[in-house]
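These notes concern the structure reproduced below.
The values are calculated or read from the model by the stated rules, or taken from the named source; none is laboratory data. The structure displayed is predicted, hence computed values, not measured ones. Note that we place each Cβ from the backbone using ideal geometry, even for glycine, and neighbour counts take in every protein chain shown.
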Amino acid sequence: MTRSIILTVVFSLTCLCVAIVVAQTPQAEPKAQPPAAKEDAQRVIDEFDALKQQYLSKYEPLYYRSEKAWWDANVTGADEAFERRTKAQNELVELHADRAVFSRIRSLREQADKLDPVRARELDVMYRTFLPGQADPEVQKKIVALETEVEKTFSTHRSLVGGKELSENDVRQILSESKDSKAAQKAWAGYMAVGTRIAPKLKELVRLRNEQARRLGFDNFYAMKLSLDEIGEKELVALFDELDQLTREPFARLKGDIDAARATRFGIETSALRPWHFGDLFFQQAPETEGANLDEAYKEQDLLALTKTYYEGMGMGVDDILDRSDLYEKPKKNPHAFATDLNRAGDVRVLCNLKPNLYWMDTLIHELGHAVYDKYISPDVPFLLHTASHSITTEGYAMMMGAMVKNEEFLTKVAKLPPEEAARYVESARRSLRAEKLIFSRWAQVMMRFERAMYANPDQDLAKLWWDLKKQYQLVPPPDDAALEGYAAKIHVATVPAYYHSYMMGDLFGCQVHHHIATRVLGMNDPLKTAFVGSREAGRFMIESIFRPGNTYSWNDLTRRITGEPLTARYFARQYVGG
């Protein structure tokens with residue numbers, strides 16, 4: 001997961017022409033402007049440049065202070081770091097609540113046709129950044145304080161199981177390896193206990209976020225967030241409906257196989273299966289059903305060495321990123337993983353809690369995907385646009401790369417499994433990757449539809465909504481205590497609101513890009529045959545077409561420019577469903 005919230009980038013059209021194979025429509029020669037029109041355009045440009053510089057003189061140092069404090073807080077769990085983060089966030093709230101500046105931004109937007117494309121995009125970013133702050137700054141400070149409390153609770157939570165405090169990694173290991181139903185249930189319940197602590201704060205966050213959104217003319221926070229992220233709500237639902245239709249029956253068949261295997265594993269009837277029996281906290285990852293366990297492929301591996309080999313083979317250096325990163329477990333450290341660019345000027349780093357297993361191999365490759373994206377944005381890109389084009393594009397790229405650890409080419413050429421071992425793992429890898437993608441697609445349906453419904457009606461029985469959606473889309477039976485607030489145990493619901501759909505949209509983006517690079521750039525027939533190992537040609541395309549341009553274009557425009565068509569679920573289905 002990446003920390004970028006409003007994600008923006010720019011790219012020179014000269015470089016773009018090299019990378020993009022889609023034919024461009026010839027543009028007519030611009031008509032000469034009369035002197036008065038030129039003077040008026042220059043006046044707007046000068047006014048915008050002055051306003052931008054005034055804003056950046058405050059925003060840049062605050063941005064760095066906030067990101068650095070947030071990094072320190074997640075690495076150490078220290079109260080002092082969380083306090084610095086809250087202080088910087090409050091100052092950012094005040095900065096973006098400036099009504100006089102917003103009035104000037106709004107006035108300039110009415111004359112945006114007089115700006116060049118880069119300045120017009122910067123102005124649009126400023127508008128979408130300032131708009132939420134035009135509600136009530138005091139309410140926004142309450143939101144920041146609550147979010148900080150929630151982040152701290154998640155960072156420091158340890159599951160109490162059998163009198164012992166277990167980290168999230170410990171719980172994951174039990175769920176993945178245990179064949180004891182009671183042990184799995186206790187470990188799962190120990191982690192879910194964080195939901196009970198978070199739920200009241202989450203409900204207050206939803207109330208406050210909705211209050212702010214309605215002050216700005218939106219129906220609720222979810223609708224506002226989609227608008228600010230340049231995503232149409234109807235289009236989002238239509239895309240997820242398309243995905244649901246393409247995956248429903250294949251997933252049901254897969255789930256039947258998983259149920260049978262898990263019931264046998266635990267020595268129970270399939271009717272007795274509950275959420276803790278599926279090898280993962282939220283059933284967002286694929287449990288092993290048969291064949292070789294892919295954890296074995298990585299248990300003796302040096303994950304850092306594999307990662308360096310993989311990215312450097314495509315012409316992307318990562319040593320500098322890893323040197324700044326924090327990669328192993330520590331007391332009070334955030335047990336999750338993310339990548340961040342602290343200053344939008346090269347201080348790119350990753351937080352992980354590495355263990356020699358499949359989960360952390362995937363996670364490390366994924367987070368380095370975010371990191372190289374940030375690293376290779378053109379240095380000419382101005383600060384306001386010096387981020388990924390959108391969460392969809394950076395998540396899409398990162399998810400595409402993380403999936404490569406189950407690709408045959410990665411296993412044989414990067415992990416360098418001996419031939420006799422590779423034969424065992426390759427077929428398991430194919431099954432596992434297909435299962436992983438199908439399972440995640442159904443999990444993403446739950447997250448998108450839960451958040452959308454929660455913000456539309458926060459007073460409903462959220463626990464019932466959660467378990468109903470999990471049953472409908474994941475075919476997971478609820479726990480015996482159906483009032484359990486499992487929804488609040490998922491950190492994204494509270495701290496990264498109305499974002500999770502971007503992971504799935506990103507996966508669709510990744511499949512579409514993977515297909516394009518494999519077939520159009522490398523001339524291959526089967527995209528699943530390549531993980532781009534050692535391909536400098538693929539690496540150059542990624543750098544020039546995906547990373548460098550960023551948010552000069554909206555995510556949907558960038559998708560069209562890269563692949564020649566808008567975002568669709570078809571390529572995901574071709575790779576993982578067979579449609």
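Per-structure values
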quantity	calculated
Among the candidates Ala73, Ala135, residue that is over 30 Å from Asn353 (Cβ atoms) and either modelled with pLDDT under 95 or buried (at least 19 other Cβ atoms within 10 Å of the Cβ) (or both)	Ala135
Counted residues, the stretch 349-367 - those being in contact with a Phe, Trp or Tyr (Cβ under 6 Å, 6 or more places away or on another chain) and either within 21 Å of Gly510 (Cα to Cα) or in a helix (DSSP H, G or I) (or both)	2
Residue among Thr568, Thr519, Thr559 that is part of a helix (DSSP H, G or I), modelled with pLDDT of 95 or more and surrounded by fewer than 18 Cβ atoms within 10 Å (Cβ to Cβ)	Thr519
Flag if Trp467 is under 27 Å from Glu151 (Cβ atoms), in contact with a Pro (Cβ under 7 Å, 6 or more places away or on another chain) and at pLDDT 95 or above	yes
Any hit, the stretch 304-318, residues being of a type in the set (Val, Ile, Thr), under 30 Å from Ala423 (Cα atoms) and modelled with pLDDT under 95	no
Index of the failed condition, Ala286 passing every other in (1) over 15 Å from Pro477 (Cα atoms); (2) among the small types (Gly, Ala, Ser); (3) assigned to a helix (DSSP H, G or I)	(3)
Candidate set from the stretch 221-259 (those that are within 30 Å of Ser271 (Cα to Cα) and aromatic (Phe, Trp, Tyr)); member that is farthest from the chain's Cα centre (by Cα)	Phe251
Near pairs, Cβ below 6 angstrom, 6+ apart or cross-chain, from the stretch 230-246 (touching a residue at least 12 places away in the same chain (Cβ under 8 Å) and within 19 Å of Thr559 (Cα to Cα)) to any residue that is of a type in the set (Gly, Ala, Ser) and outside any helix (DSSP H, G or I)	Glu230/Ser554; Glu242/Ala569; Leu243/Ala569
Flag if Asp380 is over 20 Å from Tyr500 (Cα atoms) and either hydroxyl-bearing (Ser, Thr, Tyr) or crowded, with 23+ Cβ neighbours inside 10 Å (or both)	no
Matching residues in the stretch 526-552 - criterion: being crowded, with 23+ Cβ neighbours inside 10 Å, at pLDDT below 95 and in a loop (DSSP other than H, G, I, E, B)	Pro549
Some residue of the stretch 168-179 being surrounded by fewer than 15 Cβ atoms within 10 Å (Cβ to Cβ) and over 30 Å from Ser66 (Cβ atoms)	yes
Of residues in the stretch 78-105 being in contact with a helix residue (DSSP H, G or I) (Cβ under 7 Å, 6 or more places away or on another chain) and of a type in the set (Lys, Arg), the one surrounded by the most Cβ atoms within 10 Å (Cβ to Cβ)	Arg85
Cβ-Cβ under 7 Å pairs, at least 6 apart or on other chains, the stretch 553-568 side among the hydroxyl-bearing types (Ser, Thr, Tyr), far side in a loop (DSSP other than H, G, I, E, B)	Tyr553/Ser389; Ser554/Glu230; Thr559/Pro566; Thr559/Leu567
Of residues in the stretch 90-115 being among the charged types (D, E, K, R) and in contact (Cβ under 8 Å) with a residue 12 or more places away in the chain, the one nearest to Lys38 (Cα to Cα)	Lys114
Residue among Gln445, Gln460, Gln472 that alone is within 30 Å of Lys234 (Cα to Cα) and assigned to a loop (DSSP other than H, G, I, E, B)	Gln460
